[in-house]
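A short worksheet on the structure shown next.
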Amino acid sequence: MTALTADDIRRVFLDFMAEQGHVIIPRAPLIPRDDPTTLFTGSGMQPLLPYLLGAEHPAGRRLADSQTCLRVQDIDEVGDNRHTTFFEMLGNWSLGDYFKQEQIPQVWTFLTEKVGLDPNRIYVSCFSGDPEHGIPKDEESAGIWARLFTEAGVSADQVEVGTEEHASEVGTGGARIAFYSDKNWWCRGGKASEMPVGEPGGPDTEMFYLFPQVEHDPAYGEHCHQNCDCGRFIELGNSVFMEYRRTEDGFEPLPRRNVDYGGGLARIAAAAIDSPDVFRIGLLHPIIAKLEELSGRSYDDETRAMRVIADHLRGATFLAVDGVQPGNKGQAYVMRRLIRRAVRFAFDLGLQENFFPEIIPTIAQIYAAHYPEVGEHAEFVQRVLAKEEQSFRRTLRKGLKQLREYRESGVTGHELFVLYDTYGFPVELSAEEALAQGIAVSDDWRAEFDGEMAAQRARSQQSTTLHV
Ligand code: SER
C-alpha cells in the first residue's frame, strides 16, 4: 500500500474514532482559556482537564481530536530528527467509558491496519508499579499487548527494567514489552513526586517504532532500549490510564477511570514513510524545500538551521492565528523569541533580507486544508510576522557586532540586558549566541538579567510618577 501522508493519517484517525463512537471536537487554541497555570496548550488532554477530573463533557464520554500543541521547554532539542516545539497530537478519550481492554486493541488497529505500520517494528512499554503508593504493576496492559503481538506473529517477550538509567546500563535484550517505573507514569509536568495536590495522572503504556537504519549511539548509554534518546526508537504515542489524583500523602482514585491517548501526528507520519527524520513528512518538507529554494543551500548541509526555522515559524504562525502578537511578556514574548530565533538562523543561511512574505504562505497553505482558521487569517498572520521580522532585522547586524565586542571580556546579565534593550535580542538568544561564538557567559546571567530588568522597571515607574 502507498504510504499515507500526515494529512491522510489525521483524517483516517478521526474517521476511525468516529466509527468507534467518538465525537470529534475542534482543537483548542494554543493559549489555554481558563488555565492560568500554564502559558500554552502543551498536550492533547490539557483542554479536557475538568472532564478528566469528573465534570460531564457536553459532547459525551468518547471524544477525539487533533490538538495543536506548543512545548517551548523542548526548544533546545529542536534540530535533531524528531523534536519540534509545535506539534499536532492526535487524541482520543474515554471519560469513564471504555478502558484498557478496548483501548489498546483500538490503537493497535489504528497503527497497524489503518496507517499500515509494520507490527515487527512496534515496541511498547508499561508501568512497573509503585509499591510505596500501592499502585500495581500494569500486567493487564502487558497481557493485552502480548496477545496482539502473538496474533500478528511477532515475538512478545517481556522484560522488567525499572528506571531509564538502568535500561541503558543493562539493556532490554530487544524485548517487545518493557516495564519502566517513572517513564510510564504520566501527568502534566512529568513526575509523580512533583505533582501538585489535586492533579490527575496515572500509569501509561507507550508505543515506539524501531528504525533499524539508525545505529545506536553509545553517547546516550551503553545499550539501546525503547526510551533511549539516540533516535533508533521513536515514541509514536501513549495511552494514559488516568485514574488517580494526587493527595497530600499519596494518591486517591478519580471518580472515573479515564483513558487519554495522545499520538504524535508527525512521528506517525514519519514512521509511515519509514523516515526517522520527521522533517521529511508532508507537513514539514514543503517548508524545508522552500528554504532550500530561497537560500540556494541544501537541507543536507544546513539541516539544523532549516529544522529550527521550519519549526519556529509554524509555531509562530499558529500563535498569530490564535490571536497572539509578539511582545515582551508571557506568550507574546515566547512568540517573539521563536520569530527572532528563526530570523537569526536564517541570517546564517544567507537569508539576510526579509523572507517571511515568501515562506509564511507556504506554511499557511499546508494547514489551511484541515484548519480553516489558518486560511481565514492568513493575511493577518503574514502582516504580524513580517512586521516582527522587519523590526528585528533593523538591529540584528548591529547586535551581532556588539556581541562580538565582548569576545575578550565575556558577558554577564548586564551585557545581555544591553543587547535586549538596545537591539531587541531575546536574552536566551543572546546567551545561546555567545556560547556558540565561544564567548564566556557568567553562570548567573539569568538572575543578573532579571535584576537589570527590575531596575529598569523601577526607573520607569519613578519617571512616570515624577511626570504626573
Ligand atoms: N496522552 C497525552 C500526552 O502524552 C496527553 O493528552 O501528552
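Throughout, read-outs are computed from the coordinates displayed, never taken from laboratory work. What you see is a predicted model; the values in this text were computed from it and never measured. Note: ideal-geometry Cβ built from the backbone for every residue, glycine included; neighbour counts use all protein chains shown.
Structure notes:
- One equal scatterer on each Cα of the chain, no solvent, Debye formula: the resulting log10 I(q)/I(0) at q = 0.06, 0.07, 0.08, 0.09 Å⁻¹ is -0.29, -0.40, -0.52, -0.66.
- For region 267-369, the Stokes-Einstein estimate of translational diffusion at 4 °C and a viscosity of 1.567 mPa s comes to 92 µm²/s, using the Kirkwood hydrodynamic radius over alpha-carbon pairs.
- Percent breakdown of C-alpha pair distances by 5 Å bin, ordered from the shortest bin, for region 157-252: 3, 14, 20, 22, 16, 12, 8, 4, 1, 0
- Additional length obtainable on full extension of the chain from Ser460 to Thr2, 0.36 nm per residue less Cα span: 158.7 nm
- Gain in span if fully extended, Asp249 to Asp348, counting 0.36 nm per residue against the direct Cα distance: 30.4 nm
- Of the trypsin sites (Lys or Arg not before Pro) found in region 250-326, none is in coil by DSSP with at most 13 other Cβ atoms within 10 Å of its Cβ.
- Region 348-405: equivalent-ellipsoid semi-axes (sqrt of 5 x gyration tensor eigenvalues, Cα, Å): 30, 11, 8
- Where trypsin sites (Lys or Arg not before Pro) fall in DSSP loop in region 1-54, at most 12 other Cβ within 10 Å: Arg33
- Region 1-63 shape via C-alpha gyration tensor axes, a/c threshold 1.5: oblate
- FRET efficiency for Asp443 and Glu139, using Cβ-Cβ distance with R0 set to 51 Å, rounded to 0.05: 0.60
- DSSP-assigned coil residues among GluC sites (Glu not before Pro) in region 372-468, each with at most 14 further Cβ atoms within 10 Å: Glu405, Glu408
- Along each principal axis, Cα extent of region 166-316, largest first, Å: 59, 39, 25
- Spin-label model distance (nm) - Glu432 vs Phe380, 7 Å beyond Cα toward Cβ: 2.8
- The stretch between Ala368 and Glu132 holds 80.0 nm of extra length on full extension. This uses 0.36 nm per residue minus the Cα-Cα distance.
- Within a straight-line Cα-Cα reach of under 20 Å, Lys387 can be paired with the following aspartates and glutamates, leaving aside sequence neighbours fewer than 8 residues apart in one chain: Asp311, Asp322, Glu353, Glu358, Glu376, Glu379, Asp421.
- Here the relative contact order of the chain, from alpha carbon pairs under 8 Å that lie six or more residues apart, stands at 13 percent.
- Given Lys329/Lys398; Lys114/Lys183; Lys114/Lys191; Lys137/Lys191; Lys183/Lys329, the pairs whose alpha carbons are separated by over 29 Å: Lys114/Lys191; Lys183/Lys329
- Rounded tilt (10° steps) of 330-348 against the dominant C-alpha axis of the chain: 70
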